[in-house]
Amino acid sequence: MSKTLFLLPLLFAACLALMLYLEPGHLPDRLDPPTAAGRTSAPASPPASLESLPAPDTPQGKIAVPGLPASFVGTEVDGRFRVDATGNLIVSEDVRRIFDYFLASLGEESLDASVTRLRGYIDGQLQEPARARAQALLDQYLAYKRELVLLERDLPQLASLDAMRQREAAVQALRARLFDGETHQAFFAREEGYNRFTLERLAIRQDTGLSDEEKGLAVDRLRASLPEELQDMVLPQLQQELRQHTTRLQAEGASAAQIRQLRQQLVGAEATARLEALDSQRQGWQKRLDEYLAAKAGIQANDGLSSGDKRAAIEALAAERFDERERLRLDAAEQLAAADKRQ
């Protein structure tokens, strides 16, 4: 069985990227889903209490597992099992992350080997009744992954907003059928919330009845409507995406208006205003730096001054042009400017 079986949740982002690329102007709008499983991301575990205790014999922190394929070298299990005061497993997103950590070995080894190692890990970390609950959840999760393959095969592979919504609704219905409400919420709530945000943001972007400014304000309202945890998770990803796409557009010679449009559609009107203020500050700094470097070069080229006089004049020039905090970064800025000139 191929590794694709356990990577299909990423199809949501991939289809979205294709759809946006095919739009006129193809301003990228793809967002990677929040990490529900990964080898390096930090687990979002609930605080410990009498009702939320680390599983017996489970060391604090992440755990490295020997015998994994070569690509796992230097990684640790993402998340940890927790049990309540009576020994029952607490169903959380950590459980899904642990499953996905082990199942990510598909492609380097067989499904049977991955599942056998995961079952052994469960048995080693948990006692009854939590152990049986975790094993039963794994059975459900494997069944879900298998049915997800069939679902993806039967859904139309169309790059449109309606098709993306259809796919998301079908996946959520599949999860609701296979998992109880507690497990569905614990395993998939953040991912579904993120996908909902992404689709709604895309709908705002495609709304021809809104101006760029109105789209920015709509994105602001949409992000503000998210739960606080999801807001904290979405914003850094939006900012990272914005940096990547801004760099690409600038390399292609995009205008300031195109950059502003991208910002409004990705991060909203409020963040766009902050970014524009930051741009202004950076431009002002660069102008002052260029003027300082030109004046400094003039001092250094003055044969009528001794080395000591040149040094004193340059120090006075720096004190005149920059405050104490700015002078701390002046040497690094000069080195960067010199490196840029050599390229």
- Query: Does R205 qualify as being over 29 Å from E152 (Cα atoms) and part of a helix (DSSP H, G or I)?
  - Reply: no
- Message: Consider the range 249-282. How many of its residues are at negative phi, at pLDDT 75 or above and loosely packed, with under 11 Cβ neighbours inside 10 Å?
- Response: 7
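Here's the yes/no breakdown for (1) of a type in the set (D, E, K, R); (2) surrounded by fewer than 17 Cβ atoms within 10 Å (Cβ to Cβ); (3) in contact with a His (Cβ under 9 Å, 6 or more places away or on another chain); (4) in the same structural domain as R96 (by TED's automatic domain parsing):
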position: A132; (1), (2), (3), (4): no, yes, no, yes
position: A143; (1), (2), (3), (4): no, yes, no, yes
position: F179; (1), (2), (3), (4): no, no, no, yes
position: T198; (1), (2), (3), (4): no, no, no, yes
position: L222; (1), (2), (3), (4): no, no, no, no
position: V234; (1), (2), (3), (4): no, no, no, no
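The values are calculated or read from the model by the stated rules, or taken from the named source; none is laboratory data. Predicted model, so just to flag it, every value in this text is computed and none were measured. Glycine gets a Cβ as well: all are built from the backbone with ideal geometry, and neighbour counts include every protein chain shown.
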